[in-house]
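Structure first, commentary second.
The values are calculated or read from the model by the stated rules, or taken from the named source; none is laboratory data. As the structure is a prediction and not an experimental result, all values here were calculated from the model. FYI the Cβ positions are ideal-geometry reconstructions off the backbone, even for glycines, and counts take in every protein chain you see. Surface accessibility is based on the protein's heavy atoms, side chains included, excluding ligands, DNA and RNA. Shrake-Rupley method; radii C 1.70, N 1.55, O 1.52, S 1.80 Å.
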Number of protein chains: 2
Amino acid sequence: MNELIRKQKDIRLLQSISAVLEWDQETYMPGKAIDWRSEQLAWLAGQIHQKETVPEIAALLKKLDDYSPADDREEALVRLARREYRIASVFPEEYVVEKTRHLSQSQNAWAKARQADDFNSFRPFLEKNFDYARRDAEYLGYEDHPYNALLDLYEPGMKAAELKSLFDPLGEYLAGLVRRIGEKEQVRSDFLNRSCPVDKQEALGKEILQTIGYDFERGRLDATAHPFTTELGPRDIRVTTRYDEFEFTSNLFSVIHEGGHGLYEMGVDEDLAETFLGQGTSLGIHESQSRLWENLLGRSRAFCDGCLPLFRDTFPDVFGDVDEETLYRGINRVKPSFIRVEADEVTYSLHVILRFNLELALLEGGLEVKDLPEAWKEESKKLLGIVPEKVSQGVLQDVHWSFGLIGYFPTYALGNLYGAQFLRTMKRDIPDLDGLLRQRECAAPLDWLRKNIHSHGSVYPAGELCRRVTGEDLNYRYFIDYLEEKYSRIYGV
Amino acid sequence: MNELIRKQKDIRLLQSISAVLEWDQETYMPGKAIDWRSEQLAWLAGQIHQKETVPEIAALLKKLDDYSPADDREEALVRLARREYRIASVFPEEYVVEKTRHLSQSQNAWAKARQADDFNSFRPFLEKNFDYARRDAEYLGYEDHPYNALLDLYEPGMKAAELKSLFDPLGEYLAGLVRRIGEKEQVRSDFLNRSCPVDKQEALGKEILQTIGYDFERGRLDATAHPFTTELGPRDIRVTTRYDEFEFTSNLFSVIHEGGHGLYEMGVDEDLAETFLGQGTSLGIHESQSRLWENLLGRSRAFCDGCLPLFRDTFPDVFGDVDEETLYRGINRVKPSFIRVEADEVTYSLHVILRFNLELALLEGGLEVKDLPEAWKEESKKLLGIVPEKVSQGVLQDVHWSFGLIGYFPTYALGNLYGAQFLRTMKRDIPDLDGLLRQRECAAPLDWLRKNIHSHGSVYPAGELCRRVTGEDLNYRYFIDYLEEKYSRIYGV
């Protein structure tokens, strides 16, 4: 067992070296350094693959066949070791190295293409990325649909069919709610587009991160084109945000969102930190943490009450004529828009369902990459009722596909569902949650999350964790109940 | 030959991964991440050591015993391959890994100790670092003095005895010049301590870097406790600086100095970039480049004339009552002070000689680390005529010993000597150098340096390069002539 733990630490160490290089590539690396960086990452990918697939691991696992784990942690340690060994072993090292080199270049090509609003320069990369995805699925093996093989990498055990059975009724409900809201009187949000100088936004972002409990001795905040959270070591969990002088909420909710991811990683029990258990258990659960902070707590009326004085101190000209209810309504305005990461709580999951539908079609072969911009417009029209003219506001908006992350988007919508279900239990356990948020006091909800979710790392799979915390399986009704209550109050629907 | 080139690229790739991690550690890493970072660097050091010492290299080199190199480059490629293989092979891998882990911790301990002005917390690390230095020398082997083994790592072929024969008369001359200047009327420099907001200093630093030809598409500028230059890849050469609102020259000459190092690395012929030849040939030559830009050009009257309008634009309140001659005299003020990196051109080499004397005594065993703060004071009194009260202004001021860089300091003084000798030839080849600098036109001197020095990378050893560029061996008289001419004009000595 100790030998297995040591091997996991070695792999985590190498992965964290890659994470440093990737973080640097996104934040500070000079443009012309990309080729060499791709070589560095490709070499590391090969090393990681070697460490993941050394025959000693197979031998260790074989020895553990008859071993009775002492507790949940030991059981999980061996389970994850088996899973990661199985996944890594199906890929030839050459393939992993080539793919990594290509994806680093692809990411760079995407960033330029998005800036230039030019799909064609990125198209050959994207075609190759979907080829890789199909080959990944073949290597991994699957039942029913190649998508299941990819999905399992991010949300272990989840199936495309199960997602469809969640997303079809959810999409229908959400599209209906958007229409109902559209017929009502709209809320005021002009003040959110007033000038907020970036340096003050940065200071405010740091203050908010500290408010929710993010530890700057074990992390930091930087600016990137696409906000993200990354673990460079067990005590080095960094978040990024983006700034727009005339879009106050862009930075605000990015820091709370990424802060939520960061708190999850920071809250994992130190004893687990150096093993495979030392990370969030699935991307869906991870996203439940970010979206719980961003939306369920961060966009609550109570937290608005708590934050408005801070906003007024920082930007007196912007929030001077704004009261708590106006702020609350403004930041919860529902309006179909092009950019997923800036979408409101109602339309957000529709953006995810759009990508899920396109990914399925691309993998099945019914859709080709060259036709993607048009297909995007059609899906957008159908789900959101609007059509982006620019590819930078459509198919090029997200970084994921450029990194080869296919099968990843659905976890965002799962996060909304898990989050709403967790919130319901949290509210039962912390009856005065609103009173605390009104004081910008976040210790109690953070402690609750640490105890019930964060500290366990990957010990419990997502479904089991959900049952342990809430007493039942994932149920999308809690998310719908939450939206109904919130938006009937705001819009009178 | 191609196989040897491929092996060198592999090693350079791994070294550059370490460089990314080290750069991050100095610039942005959160404090509590240090333990994991040390593990990452230690693992990489082991990997690099393995790559440097694989038996295939010995076999390749053996095959090349009878090979006649086609040109200087091939000759150098094999020569450096032999040298690096010999150096790497003497150390057991375990030793390299342990030392790297320790040094990363030591660097961290130094930074804290310096901040707290507390020698004792750093003492055990420093003792271990000098132990490592002695063990390094034993592993490497040496004639005459263990110091020669260390010195050779940074300035190949240089000997302690040769340094003494340079430094003894140089030290005597410099101490005499300091005394002569001290007796004359002092120059005005009050304006250099006026308030210059850091954000404007940063913009000015970037402008100056661009002026001298630094390419921001292949590099960047950040702030660190101790300015440095590092290569994270052939097209990723980063520099750092430090800011003090009331010390205008601290940032200004840091950026020019580090920019000089950066230009050297950026100017290496692309064909050499991925081999051992793709770096500066010795630290003495490297320092000649940084100090040539910082002092010989950067502190010249002509460049003052060129820069004053820029300074006035950036800080009208600071430079409104300052004319060119006042600026020139102010930035060339000679006054013994505690901090090496802020020393003027006359006292600077005395700081280096101080460290060289102490390093020799520590290696010989005549001095113990516990007595170092006192010994520092004595040497400082003897050479500079002043005694620092705080260890942060004395023995703790430099980062080098915390990184185990012992035998490194002399290369700084060598850089002054090489630089003055190069300048004399450059002036012969560019008769209107002053006229160009007066326009802030730096293309001609940069082209001259690229052609004569930078492009060759490590093809020629320092001594040979000096002969090729200037037609003669290193001669410290050029530095003395330079100082005499400059300071007789400023101080009338």
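Miscellaneous remarks
Residue-by-condition table, conditions (1) in contact (Cβ under 8 Å) with a residue 12 or more places away in the chain; (2) more than 23 Å from B:ASP432 (Cβ to Cβ); (3) among the hydrophobic types (A, V, I, L, M, F, W, C); (4) out of contact with any Asp or Glu (no Cβ under 9 Å at 6 or more places or on another chain):
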residue: B:SER300; (1), (2), (3), (4): yes, no, no, no
residue: B:ASP317; (1), (2), (3), (4): yes, yes, no, yes
residue: B:THR326; (1), (2), (3), (4): yes, yes, no, yes
residue: B:GLY330; (1), (2), (3), (4): yes, yes, no, no
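- Selection status of A:VAL395, of a type outside the set (Ser, Thr, Tyr), part of a loop (DSSP other than H, G, I, E, B) and either buried (at least 22 other Cβ atoms within 10 Å of the Cβ) or at pLDDT below 95 (or both): yes
- Filter result for A:LYS99 (closer than 30 Å to B:LEU14 by Cα, away from chain B (no Cβ under 14 Å), assigned to a helix (DSSP H, G or I) and basic (Lys, Arg)): yes
- When A:ASN357, A:ASN295 are checked against the criterion of being modelled with pLDDT of 95 or more and crowded, with 24+ Cβ neighbours inside 10 Å, A:ASN295 stands alone in meeting it.
- Yes/no for B:ASN416 being free of Cβ contacts under 8 Å to residues at least 60 places away in the same chain and within 21 Å of the chain's Cα centre (by Cα): no
- Count - residues of segment B:62-81 that are part of a helix (DSSP H, G or I) and in contact with a helix residue (DSSP H, G or I) (Cβ under 6 Å, 6 or more places away or on another chain): 3
- Filter result for B:GLU287 (surrounded by 22 or more Cβ atoms within 10 Å (Cβ to Cβ), closer than 23 Å to B:THR224 by Cα and either in contact with a helix residue (DSSP H, G or I) (Cβ under 9 Å, 6 or more places away or on another chain) or not basic (Lys, Arg) (or both)): yes
- Evaluated against (1) under 23 Å from A:PRO234 (Cα atoms); (2) away from every other protein chain (no Cβ under 14 Å); (3) of a type in the set (Lys, Arg), B:LYS62 falls short on exactly one condition, (1).
- Some residue of segment A:409-416 being surrounded by fewer than 18 Cβ atoms within 10 Å (Cβ to Cβ), of a type outside the set (Val, Ile, Thr), not assigned by TED's automatic domain parsing to the domain that holds A:ARG79 and not in a loop (DSSP other than H, G, I, E, B): no
- Whether a residue is under 21 Å from the mean Cα position of the chain (by Cα) and open to solvent by 50 Å² or more (accessible area, probe 1.4 Å) was assessed, and A:ARG450 passes this test.
- From A:PHE311, A:PHE338, A:PHE303, A:PHE319, residue being of a type in the set (Phe, Trp, Tyr) and either open to solvent by 20 Å² or more (accessible area, probe 1.4 Å) or not assigned by TED's automatic domain parsing to the domain that holds A:LYS451 (or both): A:PHE338
Results for (1) assigned to a helix (DSSP H, G or I); (2) at negative phi; (3) free of Cβ contacts under 8 Å to residues at least 40 places away in the same chain; (4) open to solvent by 70 Å² or more (accessible area, probe 1.4 Å), shown as yes or no for each residue.
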site	(1), (2), (3), (4)
A:LEU151	yes, yes, no, no
A:GLU162	yes, yes, yes, yes
A:GLU172	yes, yes, yes, yes
A:GLU207	yes, yes, no, yes
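- Just one residue in the set A:ALA88, A:ALA76, A:ALA81 is away from chain B (no Cβ under 14 Å), surrounded by 13 or more Cβ atoms within 10 Å (Cβ to Cβ), of a type in the set (Gly, Ala, Ser) and closer than 24 Å to A:ARG134 by Cα; that residue is A:ALA88.
- Filter result (among the β-branched types (Val, Ile, Thr) and either facing chain B (nearest Cβ under 7 Å) or touching a helix residue (DSSP H, G or I) at 6+ places or on another chain (Cβ under 9 Å) (or both)) within segment A:24-59: A:ILE34, A:ILE48, A:THR53, A:VAL54, A:ILE57
- Matching residues in segment B:6-23 - criterion: being at the interface with chain A (Cβ under 9 Å from one of its Cβ atoms) and surrounded by 21 or more Cβ atoms within 10 Å (Cβ to Cβ): B:LEU14, B:SER16, B:ILE17, B:VAL20, B:LEU21, B:TRP23
- Within segment A:228-267, considering residues that are within 14 Å of chain B (Cβ to nearest Cβ) and among the acidic types (Asp, Glu), the one farthest from A:LEU277 (Cα to Cα): A:ASP236
- In segment B:212-227, residue nearest to the other protein chains (Cβ to nearest Cβ) [restricted to those that are of a type in the set (A, V, I, L, M, F, W, C) and assigned to a strand (DSSP E or B)]: B:LEU221
- A:ALA116, sole failed condition from (1) of a type in the set (A, V, I, L, M, F, W, C); (2) surrounded by fewer than 20 Cβ atoms within 10 Å (Cβ to Cβ); (3) in contact with a Leu (Cβ under 9 Å, 6 or more places away or on another chain): (3)
- Residue in segment B:174-189 that is buried (at least 16 other Cβ atoms within 10 Å of the Cβ) and either aromatic (Phe, Trp, Tyr) or touching a strand residue (DSSP E or B) at 6+ places or on another chain (Cβ under 8 Å) (or both) present: no
- Only one of B:GLN105, B:GLN50, B:GLN40 that is closer than 24 Å to A:TRP43 by Cβ and open to solvent by less than 70 Å² (accessible area, probe 1.4 Å): B:GLN40
- Within segment B:190-205, being more than 14 Å from chain A (Cβ to nearest Cβ), surrounded by fewer than 19 Cβ atoms within 10 Å (Cβ to Cβ) and not in a helix (DSSP H, G or I) holds for B:ARG194, B:SER195.
- Test: residue in segment B:280-301 that is β-branched (Val, Ile, Thr) and closer than 30 Å to B:GLY176 by Cα: yes
- With respect to the conditions (1) buried (at least 22 other Cβ atoms within 10 Å of the Cβ); (2) over 21 Å from the mean Cα position of the chain (by Cα); (3) hydrophobic (A, V, I, L, M, F, W, C), A:VAL268 falls short on a single one, namely (2).
- B:ILE57 vs. criteria surrounded by fewer than 19 Cβ atoms within 10 Å (Cβ to Cβ) and in a helix (DSSP H, G or I): no
- Members of segment B:237-248 that are of a type outside the set (A, V, I, L, M) and under 18 Å from the mean Cα position of the chain (by Cα): B:ARG238, B:THR240, B:THR241, B:ARG242
- Index of the failed condition, B:VAL459 passing every other in (1) under 30 Å from B:TYR154 (Cβ atoms); (2) aliphatic (A, V, I, L, M); (3) surrounded by fewer than 19 Cβ atoms within 10 Å (Cβ to Cβ): (3)
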